[in-house]
Amino acid sequence: MRSFSFFYWYIVKRKKLYNYLKIKHGIENIIPYKVLSWQIGYKYFLGKCYGKNIFIKQGGKFNLVRREVDSIKKLSCGRNINKHYPVIVTFDIEEPFKFIALEFIKGNSLKKIIRKELLSEKDKKSIILQMFQIMKQLKSKEMIHMDIRPDNFIVTKSHSEKIFIVLIDFTFSMLSRNDKLYEIERNKKNKAILFNLGSELNPEPLHWDDAYSFLLIFKQIDKEFKKKYPKMWRIINENIGRLYFRY
Ligand SMILES: Nc1ncnc2c1ncn2[C@@H]1O[C@H](COP(=O)(O)OP(=O)(O)O)[C@@H](O)[C@H]1O
Ligand SMILES: [Mg+2]
């Protein structure tokens, strides 16, 4: 977001939002977060809700907040409860202030961790195995995340100090095989928004296939992925082309 529009928002509109979140949802201590990443109408904040530290994603184009809420709910029900996905604290899918508030996850993005080459062999293995579970869980729910990139995995620690992976950012997630992203009208401008979604780790722009993206990330984590994990390599390859979305 450009600094001018941030300051305009901060001076003119901030109070209304903060009051709304406090009165309707009991959210306090709100501060803007990652302001330079505010995009497609989203603003991010940190806050506190009944003693919990939270991350807030507010606004956004189309019905994307609803999509994110529905995706997290779908993934979190059944056997996957509280596993590898953010925990929703509260949300609102109606105007004037659509938002989702998630429990704050303390950790680093997988992107940062790969770049800094901080991983021991044991950590690499643990991350790969957990991400493989995530891939299988997405598949079992027939969901396509659409933006499988190292930025969208948070590497955190469990109570026993073991490394634990959380997948975030379900903005554009496909809720089922038959989902078509209907809320996004097909026009040039919207196509341009989607063009970069998941790019570099997609088979091609406007073609999303999570299995393909997972495979590329596993190779980034461990250059010898194919040699060390031949069975997993085969399973992922078998999954490529099975659950995908083309715009
Ligand atoms: N539950 C959370 N706890 C802590 N930080 C989060 C949480 N969810 C997202 N973030 C941070 O906010 C950033 C933006 O959120 P994300 O959902 O990925 O939106 P975007 O569509 O802008 O990528 C993430 O890259 C991550 O650093
Ligand atoms: Mg993201």
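The values are calculated or read from the model by the stated rules, or taken from the named source; none is laboratory data. Note that the structure is a prediction, hence the values are computed from the model and not measured. Here Cβ is always computed from backbone atoms with ideal geometry, including for glycine, and neighbour counts include all displayed protein chains.
Here is how the numbers come out for the structure above:
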read-out	value
Candidates Ser126, Ser140, Ser71, filtered to the one that is among the polar types (S, T, N, Q), within 24 Å of Leu201 (Cβ to Cβ) and outside the structural domain of Leu206 (by TED's automatic domain parsing)	Ser71
Leu21 being assigned by TED's automatic domain parsing to the domain that holds Pro86 and in contact (Cβ under 8 Å) with a residue 40 or more places away in the chain	yes
Conditions (1) surrounded by 15 or more Cβ atoms within 10 Å (Cβ to Cβ); (2) more than 17 Å from the chain's Cα centre (by Cα): number failed by Gly198	(2)
Any chance Met146 is modelled with pLDDT of 95 or more, within 15 Å of ligand 2 (Cβ to nearest atom) and under 24 Å from Arg246 (Cα atoms)	yes
Members of the range 11-40 found to be under 16 Å from Gly60 (Cβ atoms) and assigned to a loop (DSSP other than H, G, I, E, B), listed by number	Lys13, Tyr33, Lys34, Trp38, Gln39, Ile40
Tally, over the range 207-245, of residues that are loosely packed, with under 15 Cβ neighbours inside 10 Å and either part of a loop (DSSP other than H, G, I, E, B) or not assigned by TED's automatic domain parsing to the domain that holds Lys188 (or both)	4
Ser199 being within 15 Å of ligand 2 (Cβ to nearest atom), out of contact with any helix residue (DSSP H, G or I) (no Cβ under 8 Å at 6 or more places or on another chain) and small (Gly, Ala, Ser)	yes
Qualifying positions in the range 82-140 - part of a helix (DSSP H, G or I), without any contact (Cβ under 8 Å) to a residue 40 or more places away in the chain and under 17 Å from the mean Cα position of the chain (by Cα)	Lys112, Lys136
Conditions (1) within 13 Å of ligand 1 (Cβ to nearest atom); (2) without any contact (Cβ under 8 Å) to a residue 24 or more places away in the chain: number failed by Arg79	(1)
Members of the range 1-32 found to be farther than 22 Å from Glu95 by Cβ and not β-branched (Val, Ile, Thr), listed by number	Arg2, Ser3, Phe4, Phe7, Glu28, Asn29
